[in-house]
């Protein structure tokens with residue numbers, strides 16, 4: 001057994017994964033041999049781990065410079081990849097930089113160059129211009145969800161970044177879309193394509209609910225009440241529509257969170273955290289949430305507005321019925337409008353009013369103390385079990401950040417936990433604990 005195999009096994013154990021899936025196994029094998037790889041696989045199939053494992057195996061531990069650059073279309077994807085890479089416990093320094101993050105935090109991280117740098121094209125290009133990063137030792141380049149970066153308008157920055165890297169030995173491009181155009185500036189000559197189309201036997205059920213001409217919001221409430229306690233995303237085409245839907249749901253006292261471009265970075269991060277841990281079961285979002293963000297398996301998605309393009313329809317639907325699970329996509333159709341050709345297979349569904357969706361029983365507590373204080377998830381779990389008196393099954397998801405943590409707890413116990421645990425000591429730090437509103 002090689003050192004790499006042992007390292008890989010240790011990483012998988014740390015991540016709680018028994019074995020790689022077929023796509024990850026083939027990607028690992030091909031990336032070890034090929035200098036140009038294009039990986040096309042649906043959202044939720046594990047592309048991040050598929051490219052991180054081979055990259056980590058090729059890093060030089062004696063070189064204290066940036067050796068691998070991963071470009072991503074959104075700050076959420078940058079944060080997600082950084083988190084996965086750190087949880088792998090490779091021992092290498094890994095950092096993410098992106099728009100909306102304070103510049104001084106980037107500069108502090110980049111004073112000692114990471115082995116792997118993850119970032120959005122705009123922020124990476126800015127650091128190159130300011131000479132905050134050296135491109136001299138970068139041998140590996142990953143363009144993750146590269147077509148989304150192009151759609152978002154990052155072509156100029158991506159072109160400039162690639163031109164600034166003097167010697168790339170390995171290029172990896174990934175996308176959730178099968179039929180993508182690779183721009184000439186990427187400089188691929190003989191790439192190896194790994195195509196993993198969506199399962200033909202999809203567990204997705206498409207349903208159309210017909211709304212009258214003035215009550216699409218009422219139809220949305222009807223669907224949410226019918227679903228009851230599931231977790232899902234309500235997709236809108238525009239952020240203005242997200243805000244309109246949110247105002248309506250607030251008026252109906254239906255708990256939810258929102259996610260769209262233009263939100264403050266911290267608000268977007270908090271929205272995802274509360275959605276992941278079940279504090280909110282409903283997220284109202286633009287297509288920004290259709291791919292490239294880390295959210296759990298969903299029971300449903302709702303097209304409050306049907307997207308303009310088939311690709312967006314597929315990416316939205318790909319958020320549910322993943323990896324052999326079942327899921328439902330609901331389409332709200334005005335009775336006077338025709339469905340686009342890509343949505344005409346949906347079953348017409350008649351629903352009766354069953355009231356409001358079941359409210360979540362979870363809340364999120366904010367812990368002021370994190371990795372920089374040498375605090376681990378185990379330390380936090382111990383505090384909530386031993387001093388907080390939580391029973392097994394009452395402690396939800398713990399998300400640990402550099403200077404803070406977020407903990408899912410029963411809503412009914414939030415006041416007691418804050419009263420008992422606020423100003424407790426974890427390691428050498430006195431931690432403040434409060435409710436994340």
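The values are calculated or read from the model by the stated rules, or taken from the named source; none is laboratory data. What you see is a predicted model; the values in this text were computed from it and never measured. Note that each Cβ is placed from the backbone with ideal geometry, even for glycine, and that neighbours are counted across all protein chains shown.
For the structure I just gave you, tell me whether residue 128 is under 18 Å from the mean Cα position of the chain (by Cα) and either part of a helix (DSSP H, G or I) or surrounded by 17 or more Cβ atoms within 10 Å (Cβ to Cβ) (or both). No: the conditions fail for residue 128.
Residue-by-condition table, conditions (1) under 21 Å from residue 14 (Cα atoms); (2) not in a helix (DSSP H, G or I):
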{"site": "45", "(1), (2)": "yes, yes"}
{"site": "50", "(1), (2)": "yes, no"}
{"site": "70", "(1), (2)": "no, yes"}
{"site": "85", "(1), (2)": "yes, no"}
{"site": "90", "(1), (2)": "yes, yes"}
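The residues of the stretch 131-163 that are in contact with a strand residue (DSSP E or B) (Cβ under 8 Å, 6 or more places away or on another chain) and either surrounded by fewer than 17 Cβ atoms within 10 Å (Cβ to Cβ) or at positive phi (or both) amount to a single one, 145.
Residues in the stretch 188-205 that are farther than 24 Å from residue 37 by Cβ, loosely packed, with under 10 Cβ neighbours inside 10 Å and either modelled with pLDDT of 85 or more or in contact with a strand residue (DSSP E or B) (Cβ under 6 Å, 6 or more places away or on another chain) (or both): none. For the residues 261, 292, the requirement of being crowded, with 18+ Cβ neighbours inside 10 Å, within 30 Å of residue 83 (Cα to Cα), in contact (Cβ under 8 Å) with a residue 24 or more places away in the chain and out of contact with any strand residue (DSSP E or B) (no Cβ under 8 Å at 6 or more places or on another chain) singles out 292.
The criterion of at least 2 residues that are at pLDDT below 95 and in the same structural domain as residue 336 (by TED's automatic domain parsing) is met, among helices (runs of 4 or more DSSP H) falling completely within the stretch 206-316, by 216-227, 265-276.
Say we look at the stretch 419-437 and pick out the residues that are part of a helix (DSSP H, G or I) and touching a residue at least 24 places away in the same chain (Cβ under 8 Å); which of these is surrounded by the most Cβ atoms within 10 Å (Cβ to Cβ)?
Once the filter is applied, the top-ranked residue is 421.
What do you reckon, is residue 166 more than 21 Å from residue 307 (Cα to Cα), surrounded by fewer than 16 Cβ atoms within 10 Å (Cβ to Cβ) and at pLDDT 90 or above? The answer is yes for residue 166.
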